[in-house]
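Just so you know, all these numbers are worked out from the coordinates, no wet-lab data involved. Predicted, not measured: the structure shown is a model, and the values here were computed from it. All Cβ positions, even for glycine, are placed from backbone atoms using ideal geometry, and neighbour counts span all protein chains on display.
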Amino acid sequence: MRDFSGGLSRAGQMCRRPLTLVAASLLPVLLLVGDLLTPPLIRFGPMMVAAPALAAIFCTPAGVLQVTAVTLPCVVAASAENGQIGTENFPVQLITIGLISAAAVAASAVRMRRERELAKSRRVAEVTQRVLLHPLPRQVGPFEVASLYQAADEEAAIGGDLYAVAHHGERTQVLLGDVQGKGLASLEMVSCVLNSFRQSARRGSPLPDVVRELGAAFHEEVQDLCAAADSGPGTGSQYVEESFVTAVVLELPEDGPVRLANLGHPPPLLLQDGTVTALEPTVPVPPLGLEELNDAGVIVDRADFPPGSTLLLYTDGVTEARDASGTFYPLAERLRRWAGLPPEQLVDAVQRDLRQYAGSRLTDDVAMVAVRRAPTAVPAAGVHPGELTEARRRAA
């Protein structure tokens with residue numbers, strides 16, 4: 001992230017864009033020239049007060065003073081040309097310009113202070129994001145990995161989407177989730193889920209245990225937040241109690257089928273030989289935080305993951321993005337053209353296309369993780385026909 005505050009506070013800097021300062025300084029000069037070249041009935045002098053006011057939008061206080069220093073002589077020259085210097089209105093005109101210029105200097109100072117505060121907040125948010133969402137390695141065992149995160153709340157630079165990858169022994173586990181809500185309010189939930197996943201991975205917990213531990217950690221976090229909300233000013237416990245996290249957790253052996261647990265999340269997409277297949281769960285399972293609605297327990301499905309194929313995990317910020325007509329982004333359809341790309345190029349291609357498709361209507365957080373099994377990997381072991389993709393596959 002660019003350091004805006006450092007640039008704005010640099011000694012001697014009068015404007016973020018030097019050309020803007022020059023243009024603001026030239027405005028009263030051009031108006032003076034127009035005043036000199038037009039008949040006396042047409043007077044441009046009163047318009048010169050706009051120069052300091054406009055400078056306050058773009059320039060530092062020093063820049064505003066420079067524009068004022070150019071404006072005052074131009075006002076005097078225009079008044080002399082129009083025979084106004086000896087009139088009673090001339091001092092009023094000078095006082096008006098002085099007051100407007102003082103207000104412009106003050107407004108510029110306030111604007112710059114807020115810009116510095118915003119830059120500092122963005123730096124803190126970016127550091128927080130890096131601490132919570134560790135950069136994923138490009139290679140994990142026989143798998144190529146790429147990730148992408150884009151927060152809807154650009155002022156905060158972080159939202160409620162999360163992802164992580166862990167490797168233990170001959171297994172690689174991947175988590176991608178979406179916390180209810182977005183922005184800084186979701187940070188504690190994001191931290192809770194990620195920490196639980198990483199601790200489970202260090203212990204070498206199998207996939208069903210990882211899911212159970214995620215649910216237990218999430219409930220403990222909700223209880224702690226509810227207690228804090230009830231003891232503080234106001235009441236935010238109802239919002240906390242109703243919080244939930246959709247997630248999909250994968251377990252990838254070095255060879256063989258992928259195991260996945262889907263907790264109310266959009267299904268991963270399998271890209272293979274130019275085709276795109278959605279790995280739907282056999283039994284719909286509610287998100288973390290809503291386990292009381294689930295009578296089936298932890299459901300783990302399996303699906304083929306051949307060498308050279310790619311799995312794309314994503315949040316609903318991708319598929320719920322809309323174009324100008326209100327049509328949802330057709331992710332599976334668009335992916336066919338990029339099915340053969342490496343993971344990093346794949347997520348970059350989707351992001352560029354999504355931005356072009358939705359434009360400023362991209363209002364939800366976006367997260368993606370692409371995992372590709374190396375083409376040289378050992379061919380996948382056979383799976384019992386009744387076990388092969390217990391997850392219902394829906395061709396895109």
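What FRET efficiency comes out for the pair H134/Q345, r = Cβ-Cβ distance, R0 = 30 Å, nearest 0.05? Working shown, then result.
Details: r = 22 Å, r/R0 = 0.72.
Step by step, r from the Cβ atoms, then E = 0.85.
Expressed as a rounded percentage, what relative contact order does segment 4-124 have, with Cα pairs under 8 Å and six or more residues apart? Intermediate results must be reported in sequence, preceding the final value.
Working: 142 pairs, mean separation 39.5, N = 121.
Contact order relative to length: 33 percent.
Quote the FRET efficiency, to the nearest 0.05, computed for T319 versus E170 with a Förster distance R0 of 41 Å and r equal to the Cβ-Cβ distance.
Details: r = 33 Å, r/R0 = 0.80.
Step by step, r from the Cβ atoms, then E = 0.80.
I need D178, D348 ordered by Cβ neighbour count within 10 Å, fewest first. Before the final figure, lay out the partial values.
Details: D178 29, D348 17.
Ascending number of Cβ neighbours within 10 Å: D348, D178.
If the only charges are +1 at each Lys and Arg Cβ and -1 at each Asp and Glu Cβ, what is the size of the charge dipole of segment 4-124 around the Cα centre, to the nearest 20 debye?
Working: 11 positive and 5 negative charges, 200 e Å.
So the magnitude is around 960 debye.
Amide H of V140: which non-local residues (sequence gap of 5 or more, or other chain) have their own amide H closer than 5 Å, using H built in the peptide plane?
Those qualifying (amide H under 5 Å, at least 5 residues apart or on another chain) are V145.
Please report V70, V110 as a ranked list, fewest other C-beta atoms within 10 angstrom at the top and most at the bottom. Display every interim value, and only then the final one.
Working: V70 19, V110 12.
With the sparsest Cβ surroundings first, the list reads V110, V70.
Give a residue-ordered list of calculated ³J(HN,Hα) values for segment 27-39 (Karplus: 6.51 cos²θ - 1.76 cosθ + 1.60, θ = phi - 60°; whole Hz; x for Gly, Pro).
4, x, 5, 5, 5, 5, 4, x, 5, 6, 8, 9, x
Beyond 18 Å, what share of the Cα-Cα pairs of segment 4-124 is found? Please give it as a whole percent.
Numbers: 3911 of 7260 pairs.
When all Cα pairs of segment 4-124 are counted, 54 percent exceed 18 Å.
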